[in-house]
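Enquirer: Here's a structure for you.
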Amino acid sequence: MAKKQEIAFVCTDCGADYTRWLGQCSVCKEWNTVKEVRLGRNRGGRTVGYSGKRSTVQLLSEVDRSQAERLSTGITEFDRVLGQGIVCGSMVLIGGAPGAGKSTLLLQALAKSAAGGIPVLYVSGEESPQQIAERADRLELPADNIKMLAETSVEEICKVMDQEKPQVVVIDSIQVVHSRASESAPGSISQVRESAATLTRYAKETNTSIFMVGHVTKDQSLAGPMTLSHIVDAQVVLSSTDDARYRILRADKNRFGSVGELGFFAMTDRGLKEVKNPSAMFLSRSGTPASGSAVTVVWEGTRPLLVEIQALVTESQSGNPRRLAVGMDQNRIAMLLAVLAKHGGLATASDEVYVNVVGGIRVYETSSDLAAMVGIVSSLQDRVIPHDSLFFGEIGLSGEIRPVANGEARLKEAAKHGFRRAVIPRANAPQRPVKGLEIVAVASLVEALEVLY
Ligand code: TYD
Ligand code: MG
């Protein structure tokens, strides 16, 4: 009976598991990718717990909390996304397309940590030590305290970590690391999964913080996402914006901080530089004002962010006009158009409607409803929205403007960036005036349209 479970069949492309061999993987439809995998002999012992110690029951109130110690990466934006620094003993997966700057960011963070006296180790399986040394030189990073290891065997990596006892380790990348416990091809999902699990156990046992680099595949998912996401404590993704100079680091999962937290960087010839004022990044407010553009303030993780929403409404030449939204939910736009027709008396049924969020950022919040609607109306009527006006609020199906969270902080951010007028939900009207900002509180779509120009 036990013997039967020692063999599994795994697709080397997508990582799907089968109990028997198949010629074609029924998940990813690839041929000849399902391979027999002998499961590691030590697998049974693993159920004991991370440290291999016998499991004991304890009171929640008596659990040792001292482990939640955090180290700074020396990069404020990076710390923020991680949840105020690196948690000791945590496993963080950092994803991104090739060239996004994952290696650059981690090398910069390690150099800063090392300069602060924290023992660090950079394990590279992709680039040679020379290449990394050259990068450090180009970035003018102090290289004396960064220990380097070119290795892809997870057992060897653990052995070296045992000797060197680093506090922060970078594995660049997890996709090239393999484990003896897994007999499938290096690079396959089961190899990646086995290696990641081993490293995670190591991190927990020794209270070492480990960053694993993971490449993002064509369809924008981390390779083997289902197999790695649940293993790691935090999953952050570094991506480019429309403006190729900028990079956004986003926490998709974080056991120690807020999900959706964003960090902003600019890629310069001296590596990644923090963007201290990200709101400025997303406002393309130069040149002559054009119709269809409205600014809103969204809440990203733990802070407000100003973004510009552009809309274009043109008469359709076909009987089936297009509705396209980039950076926003398309269905939400369709709903807003229906509300606009019903309660605002402005029909767009025979028009094509395009909505775009400037800067390549994605807005998930319904607080951007009002700005999107205002942009659409502005384009429809070809009238420019004053540049110093800002809009936020959720729009309900009966044309009411509903309040959003953190109203005051949003208004302060707007005032900080020189906005003079804010059209907001009545329920969000602040108790005290915000300096330099005229507040126009509206309760319905009709009221909002009245105050528009
Ligand atoms: P890299 O960190 O190697 O990306 P990843 O590890 O995510 O694949 O970054 C590579 C890109 O960054 C490459 O296109 C060159 C660019 N870059 C700069 O513009 N400036 C720099 O100082 C460095 C080191 C890289
Ligand atoms: Mg790299």
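Enquirer: Condition check: surrounded by fewer than 19 Cβ atoms within 10 Å (Cβ to Cβ) and within 22 Å of Tyr202 (Cβ to Cβ). Does Glu140 satisfy that? Give the derivation first.
Expert: Numbers: surrounded by fewer than 19 Cβ atoms within 10 Å (Cβ to Cβ): yes; within 22 Å of Tyr202 (Cβ to Cβ): no.
The answer is no for Glu140.
Enquirer: Going through region 435-451 one residue at a time, which ones are part of a loop (DSSP other than H, G, I, E, B) and surrounded by 17 or more Cβ atoms within 10 Å (Cβ to Cβ)? Give the steps one after another, and end with the answer.
Expert: Initial filter on region 435-451 (part of a loop (DSSP other than H, G, I, E, B)): 435-437, 443, 451.
Scanning region 435-451 gives a single hit, Leu437.
Enquirer: Is it the case that some residue within region 185-193 is crowded, with 22+ Cβ neighbours inside 10 Å and of a type outside the set (S, T, N, Q)?
Expert: Of region 185-193, the ones crowded, with 22+ Cβ neighbours inside 10 Å are 188-192.
So of that shortlist, the ones also of a type outside the set (S, T, N, Q) come out as 189, 192.
The answer is yes; a qualifying residue exists.
Enquirer: List every residue pair whose Cβ atoms lie under 9 Å apart, where the two residues are 6 or more positions apart in sequence or sit on different chains, the first residue falls within region 89-100 and is within 11 Å of Arg247 (Cβ to Cβ) and without any contact (Cβ under 8 Å) to a residue 40 or more places away in the chain, and the second residue, located anywhere, is surrounded by fewer than 22 Cβ atoms within 10 Å (Cβ to Cβ) and of a type in the set (Asp, Glu).
Expert: Between residues of region 89-100 that are within 11 Å of Arg247 (Cβ to Cβ) and without any contact (Cβ under 8 Å) to a residue 40 or more places away in the chain and residues that are surrounded by fewer than 22 Cβ atoms within 10 Å (Cβ to Cβ) and of a type in the set (Asp, Glu), there is no close pair.
Enquirer: Continuing with this model, one more query. For the condition under 20 Å from Glu315 (Cβ atoms), crowded, with 16+ Cβ neighbours inside 10 Å and touching a residue at least 24 places away in the same chain (Cβ under 8 Å), what is the one hit in Ser350, Ser378?
Expert: Values: Ser350 fails: crowded, with 16+ Cβ neighbours inside 10 Å.
Of the residues listed, the single one that is under 20 Å from Glu315 (Cβ atoms), crowded, with 16+ Cβ neighbours inside 10 Å and touching a residue at least 24 places away in the same chain (Cβ under 8 Å) is Ser378.
Enquirer: Another question, if that's okay. Considering only region 283-301, I want to know if a residue exists there that is out of contact with any Leu (no Cβ under 7 Å at 6 or more places or on another chain), of a type in the set (Lys, Arg) and without any contact (Cβ under 8 Å) to a residue 24 or more places away in the chain.
Expert: No, because not a single residue in region 283-301 is out of contact with any Leu (no Cβ under 7 Å at 6 or more places or on another chain), of a type in the set (Lys, Arg) and without any contact (Cβ under 8 Å) to a residue 24 or more places away in the chain.
Enquirer: Also, I was wondering about something else. For the structure I just gave you, tell me whether Arg250 is crowded, with 20+ Cβ neighbours inside 10 Å, among the basic types (Lys, Arg) and in contact with a strand residue (DSSP E or B) (Cβ under 9 Å, 6 or more places away or on another chain).
Expert: Numbers: crowded, with 20+ Cβ neighbours inside 10 Å: yes; among the basic types (Lys, Arg): yes; in contact with a strand residue (DSSP E or B) (Cβ under 9 Å, 6 or more places away or on another chain): yes.
So Arg250 passes the test.
Every residue, every condition in (1) in a helix (DSSP H, G or I); (2) buried (at least 21 other Cβ atoms within 10 Å of the Cβ), yes or no:
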position	(1), (2)
Thr296	no, yes
Val307	no, yes
Met335	yes, no
Ala338	yes, no
Ser368	yes, yes
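Enquirer: Quick check on my filter: what residues within region 118-136 are without any contact (Cβ under 8 Å) to a residue 40 or more places away in the chain, part of a loop (DSSP other than H, G, I, E, B) and near ligand 2 (Cβ under 10 Å from one of its atoms)?
Expert: At the first step, the residues of region 118-136 found to be without any contact (Cβ under 8 Å) to a residue 40 or more places away in the chain are 128-136.
So of that shortlist, the ones also part of a loop (DSSP other than H, G, I, E, B) come out as 128.
Answer for region 118-136, where residues must be without any contact (Cβ under 8 Å) to a residue 40 or more places away in the chain, part of a loop (DSSP other than H, G, I, E, B) and near ligand 2 (Cβ under 10 Å from one of its atoms): there is none.
Bear in mind that the values in this text are calculations on the coordinates, not laboratory data. Source: prediction; values computed, not measured. A quick note on method: Cβ atoms are made from the backbone with ideal geometry, for glycine too, and the neighbour counts reach across all protein chains shown.
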